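What follows is a single structure, written as structure tokens, with notes after it.
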Amino acid sequence: MSDLQISLLAIGAAIVVAILAFNWFQERRFRNQANAAFESPVADVLMQPGSAPSARDPHKRVEPAFDANDAHDLAEAQEPHLHIDSNPVPTSAATTAADDMAHVMRAAAEVSAQPASAAAPIAVAPYDELIEYRIRLGSDGVQANALADAFSHTRTLGKSVRWIGVPVGATQWEEVQPWRDLHYQQLVVTMQLADRNGAVLEEQLTGLCEMVQTLAQNHGLRIACDDVVEALERAQAIDRFCVDVDVLIGLNVVARGEGAVNLTRIVREAEGSGMVLGMDGVFQLLDSRSEQLYALCNHDAEPFSNEVVEGQTSQGVTLQFDVPRVPDGLKVFDGMVAFGRKLANEVGGILVDDNLRPLTDTGIEKIRTQLAHIYERMEARGVPSGSRRALRLFS
């Protein structure tokens, strides 16, 4: 064999080795890119920059995922295109590369057929869209104590603010506690739109937004704020409704003529009926949640005390019924009327309204009818009397 033939064989062998090495390198690069695409964590689309909630369901989590076509396009874009006229790749090497490519494509199809995230889905945030304004925050894990300053400052805005979050690795929402040693992956900050001080003001909402936006900028958090104008319209509407149904009923037990009622007997009746004396000197009948059903207060300037003086008298006492805060209100009202009549009989007094007119059965029935209308309106508005939502609005 001549030197020329040996040289040509060596050159041909070198070319074959180079082709095999190039194909191996390209195949390895594709494999790494495909794996990275399929193994990357899935994030909440609502928390991605430039994204917007679905018009069909603004609270539904939408998870991005590859389908088979996406995987095919990715592979086609990354697949090396090498054309050699006279020195094709050896059959064994080409078969191995084809088998590996088919394996990657099968893996891609399997991934696309599975849920976008293997982890358990995060529960929907406990946000009350009727009475709250909302700001959402997303992160890869923000330390709880990084929220402390903003958490404290939002308490100074004059309306109730709630912070709730999902710790990293968890799926359930909980109240944010800035002093805990944990990280949050999602956060929701809400402001109540109305209470007994009136509807929220624009400056209160914008103040909340500015505080939370500063927090987001300082810690690299993704942020999505609800529309302020729409929230202000909701606030005005719910406040007008609350004003219409915010009623406090008072029944009075007074002495007949110019006399006085025996306060000692009234205190004993209150205690015997299960009422408890509050720090403000007012007796309260509480439900199982320790929420007030109705109250008993002294007409005189001096409140009730733990020490009952025998023979102590008063100009009268008042039973108070906070209509929107009481569940099963008609039943509770009937109980309060019965208790008022019992007190009147015990001290020889009379049950009267706030204008000191005696309350007859006809008068009581008129009040019950008015109460029934109020409770129907509250139910229709989605604010049942005594519910958590009602307790928040009428506070």
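The values are calculated or read from the model by the stated rules, or taken from the named source; none is laboratory data. The structure displayed is predicted, hence computed values, not measured ones. Reconstructed Cβ throughout: ideal geometry from the backbone, glycine too, with neighbour counts over all protein chains shown. Note: accessible area is taken over every heavy atom of the protein model, side chains too, but ligands, DNA and RNA are not part of it. Shrake-Rupley method; radii C 1.70, N 1.55, O 1.52, S 1.80 Å.
Descriptive notes on the structure:
- Each residue of the stretch 218-231 was assigned a 3J(HN,Hα) from its phi angle through the Karplus curve 6.51 cos²θ - 1.76 cosθ + 1.60 (θ = phi - 60°); the sequence is 5, 10, x, 9, 7, 9, 9, 9, 5, 5, 5, 4, 4, 5 Hz, with glycine and proline shown as x.
- Coupling constants for the stretch 256-271 follow from the phi torsions by the Karplus curve (6.51 cos²θ - 1.76 cosθ + 1.60, θ = phi - 60°), and in residue order they are 6, x, 9, x, 10, 9, 7, 6, 4, 5, 5, 4, 5, 5, 5, 5 Hz; glycine and proline get x.
- Rounded to the nearest 10 square angstrom, H183 shows an accessible area of 80 square angstrom against a 1.4 Å probe.
- For the stretch 144-151, Karplus couplings with θ = phi - 60° (6.51, -1.76, 1.60), whole Hz, Gly/Pro x: 4, 5, 6, 8, 4, 5, 4, 4
- Dipole of the stretch 267-395, positive direction: furthest Cα of A301, T313, L286, with charges on the beta-carbon: L286
- Magnitude of the charge dipole, the stretch 141-194, Cβ model with Lys/Arg +1 and Asp/Glu -1, debye to 20: 180
- Three-way shape call for the stretch 275-355 based on the alpha-carbon gyration tensor, with the a/c threshold at 1.5: oblate
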